[in-house]
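Rule-based calculations on the coordinates, nothing more; no lab input. Keep in mind it's a predicted model, so treat the numbers as computed, not measured. Here Cβ is always computed from backbone atoms with ideal geometry, including for glycine, and neighbour counts include all displayed protein chains.
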Amino acid sequence: MTLYCDVDGTLLDSSARHEKLLRDLLAARGLLWPAAAPDYLRYKADGHSTKAWLMLAGFAPETCAELADAWRTGIEQPEYLALDTVYPDTLPFLQAMRAAGRDVVLISARQNADALRQTLARCGILPLAVELLVVPPVHADRRKAELLRPRIAPGDVMLGDTEVDKSCAELLGLPWIVLDRGFRSAVYWQAHGVQPAHDLHEAARRLQNLP
């Protein structure tokens, strides 16, 4: 039995680099962080894009487009990847999966697979997984499903934190569990009729209860 597990927002807390990069991009252009705008990370977790947040904050459309493009280009630069940290429950969860005889295959949508591997090794995650699979970020749900389709077997499960992971599981006919602590909030999931797990402890309990 294999657990196909997303990385960012599921095992790794990568939220700090998302905001730090945007703050740096604004500062480099002499623009102030809009104090009156909604909380950036919470707004994104509710299902909105960086560009949508910039528009809501009142920046000119051309500025929003340019900043959003620069953000996508810079989000995996080494100085920002260094900000990623492991959630406190990640390593105990992965150790428990191994003890229970469930293989963990990591699957992530990233531009730079080598950089992700380095981060996972630094955080102690890589030795607890049997494999790391990486697909490009565009159409990630379909790309993940195409990669996993020849591998899946009865008893396999998908674990993640966004609609990409849920969609991938549904394309494959796999049961799935999503978290609300990463890049999609409880508000987002409830609006879509989904009851998320709050952390990996709850995810582990749900795994035990799956048929």
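For segment 61-82, the candidate set comprises residues that are surrounded by fewer than 16 Cβ atoms within 10 Å (Cβ to Cβ) and among the aliphatic types (A, V, I, L, M); within that set, the residue that is nearest to SER14 (Cα to Cα) is ALA82. Scanning segment 135-164 for residues that are more than 16 Å from ASP199 (Cα to Cα) and charged (D, E, K, R) yields ASP141, ARG142, ARG143, LYS144, GLU146, ARG149, ARG151, ASP156, GLU163.
The helices (runs of 4 or more DSSP H) falling completely within segment 73-139 that include 2 or more residues that are within 14 Å of the chain's Cα centre (by Cα) map to 113-122. Restricting attention to segment 16-53, the residues being surrounded by 14 or more Cβ atoms within 10 Å (Cβ to Cβ) and touching a residue at least 60 places away in the same chain (Cβ under 8 Å) number 6. Among helices (runs of 4 or more DSSP H) entirely within segment 140-211, having at least 3 residues that are surrounded by fewer than 15 Cβ atoms within 10 Å (Cβ to Cβ) singles out 186-191, 200-209. The lone criterion from (1) surrounded by 14 or more Cβ atoms within 10 Å (Cβ to Cβ); (2) over 22 Å from THR162 (Cα atoms); (3) touching a residue at least 12 places away in the same chain (Cβ under 8 Å) left unmet by GLN95 is number (1).
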